[in-house]
1. May I ask you to list the residues in the range 30-47 that are surrounded by 10 or more Cβ atoms within 10 Å (Cβ to Cβ) and of a type outside the set (Lys, Arg)?
2. Do we find that residue 38 is under 22 Å from the mean Cα position of the chain (by Cα), in a helix (DSSP H, G or I) and at pLDDT 95 or above in this structure?
Amino acid sequence: MMNACPARPFQLGRSEAPIFIAMQKVAVAEIINLNQARKARDKADAKDRAAQNRVAHGRTKAEKTAAKINADRAKRLLDGAKREDE
């Protein structure tokens, strides 16, 4: 009886089968837990979002107050230089 598989051109007996399997190199994909992969992806996304929020909203109260004072000063300077057309 001829076997169609090119890796096994002849039929092996039970005693020879383990030797044949040990000689073959089998490529096995890495097994991953999809739940853990999803959680890791979500955690990385949250970390990126937090970094963006720190840049956008991460000013101290002193920095916010100084910025408000400078904006008020610039507004008063602009209003004081305004010309009134009659």
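The values are calculated or read from the model by the stated rules, or taken from the named source; none is laboratory data. Just so it is clear, the structure is predicted and the values come from calculations on it, not from any experiment. Because the Cβ atoms are built from the backbone with ideal geometry, glycine has one as well, and the counts that use them run over all protein chains shown.
1. Matches in the range 30-47: 37, 40, 42, 44, 45, 46.
2. Working: under 22 Å from the mean Cα position of the chain (by Cα): yes; in a helix (DSSP H, G or I): yes; at pLDDT 95 or above: yes.
Criteria met by residue 38.
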